[in-house]
Amino acid sequence: MLHRIGKFTLEFENTPVITGYGSVAGKKESQGPMKDCFDKIYFDSRAGQDTFEQAESLFQQEALSCALKRADKSSDDVDFIFAGDLLNQCISSSFGLMGFNIPYLGQYGACSTMAQGLIMASVMVESGGADCSACVTSSHFCSAERQYRFPLEYGGQRTPTAQWTVTGSGSCIVEKQGKGVKVCRATVGKIVDMGISDLNNMGAAMAPAAAKTLTEYFKDTKTKPSDYDVIITGDLGKVGSKCLYDLLETEGVDIKSNHRDCGLMIFDLEKQDVHAGGSGCGCAGSVLCSKFIPDMLSGKYQNVLFMATGALMSPTSSMQGQTMPSVAHLVNLRSEQ
């Protein structure tokens, strides 16, 4: 049964379990601090495919296959799959997953899609609508640049606040019972728009949404940052993380001591030319599934907040001069180890 805590937060009484997880990354990600964490690495940006978009579809296939293997499941065992990416009509997901023959519900939360998909998979299991659900998301630097900014051939100069879209994918299998990481609570974020329109400063655009979701979660659950081993944000990067700290300070909330941002973890900002850090659906997805879930299973962390943030713009809205509204979704994960 699902119960509402406070005004915005859901509590899972039966605590669905993440029984399988998988991660895939590209060449640049393999050169960063997490190079030994990913399940599979592709050193070719096209991964042997004809296009970058087809390569991204392959990443989702590989991440889901790895998650299924860890959960000891086949695609026939999965009742629903929730998947999304950054491309128009989520083509990386639909083209990549159709071969699995699993009932499919496409998701678009921009870079927040991993948290959104995990919430939807957990709600479906908790409600009794499924015994087993899956979620998967991805991004690709080359496909994202072609859609949102400039084709790589253009050679455009990046600003200091810009983030590097992660080439990667992450997937989770969620079941009613089993061994793994439990999904205990979830807060679905609201759309927040602080008037930022600079495509090269998404961290600042997403930070207000992250601050709002996090403060509402703390109010609903009557908890505080120190109650959690680690508070993970999806991909605020260097600029967005600083903005988040400043915004939370006005609410009397301090997360600096136990906050980790996936966009700051996946690359080495000193040695790799990524400016303000990583971004993209594949950032939070691949880091969660390659680093934090294994750490929870090993006993390093027991009580974790995972919050992925997304800028909800499109090439059309940007070219029309509109701002970048954002959203942040949060999931409370716990391990019994």
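The values are calculated or read from the model by the stated rules, or taken from the named source; none is laboratory data. No experiment lies behind these values; they were computed from the predicted model shown. Reconstructed Cβ throughout: ideal geometry from the backbone, glycine too, with neighbour counts over all protein chains shown.
Report yes if Ala134 is among the hydrophobic types (A, V, I, L, M, F, W, C), crowded, with 24+ Cβ neighbours inside 10 Å and closer than 21 Å to Ser314 by Cα, otherwise no. The answer is no for Ala134. Restricting attention to the range 66-81 and to residues that are more than 18 Å from the chain's Cα centre (by Cα) and outside any loop (DSSP other than H, G, I, E, B), the residue that is surrounded by the fewest Cβ atoms within 10 Å (Cβ to Cβ) turns out to be Asp76.
When each of Asp198, Asp227 is tested for being at pLDDT below 95 and over 19 Å from Gly109 (Cβ atoms), the lone residue that passes is Asp198.
Inspect all residues belonging to the range 6-17 and state whether any of them is in contact (Cβ under 8 Å) with a residue 40 or more places away in the chain, under 11 Å from Thr167 (Cα atoms) and surrounded by 22 or more Cβ atoms within 10 Å (Cβ to Cβ). Checking the range 6-17: not a single residue is in contact (Cβ under 8 Å) with a residue 40 or more places away in the chain, under 11 Å from Thr167 (Cα atoms) and surrounded by 22 or more Cβ atoms within 10 Å (Cβ to Cβ).
May I ask you to verify whether Thr159 is at pLDDT below 95, over 20 Å from His3 (Cβ atoms) and not assigned by TED's automatic domain parsing to the domain that holds Thr233? I'd like the intermediate steps shown before the answer.
Values: at pLDDT below 95: yes; over 20 Å from His3 (Cβ atoms): yes; not assigned by TED's automatic domain parsing to the domain that holds Thr233: yes.
So Thr159 passes the test.
Within the range 219-242, the only residue that satisfies the criterion of being more than 21 Å from Gly282 (Cα to Cα) and buried (at least 20 other Cβ atoms within 10 Å of the Cβ) is Tyr228.
Looking only at residues in the range 260-270 that are touching a residue at least 24 places away in the same chain (Cβ under 8 Å) and surrounded by fewer than 20 Cβ atoms within 10 Å (Cβ to Cβ), the one that is nearest to Val181 (Cα to Cα) is Arg260. If you take the residues in the range 9-19 that are in contact with a Lys or Arg (Cβ under 8 Å, 6 or more places away or on another chain) and not β-branched (Val, Ile, Thr), which one is nearest to Thr187 (Cα to Cα)? By that ranking, first place goes to Leu10. Screening the range 159-181 for residues that are assigned to a strand (DSSP E or B) and of a type in the set (A, V, I, L, M) and picking the one that is farthest from Ser30 (Cα to Cα) gives Val174.
Taken over the range 1-33, the residue count meeting the criterion of being within 20 Å of the chain's Cα centre (by Cα) and within 30 Å of Asp273 (Cα to Cα) is 12. All of Ser298, Ser286, Ser279, Ser197 fail the test of being without any contact (Cβ under 8 Å) to a residue 40 or more places away in the chain and not assigned by TED's automatic domain parsing to the domain that holds Met114, apart from Ser298.
Of all residues in the range 65-87, none are over 16 Å from Gly170 (Cα atoms), hydroxyl-bearing (Ser, Thr, Tyr) and in contact with a strand residue (DSSP E or B) (Cβ under 6 Å, 6 or more places away or on another chain).
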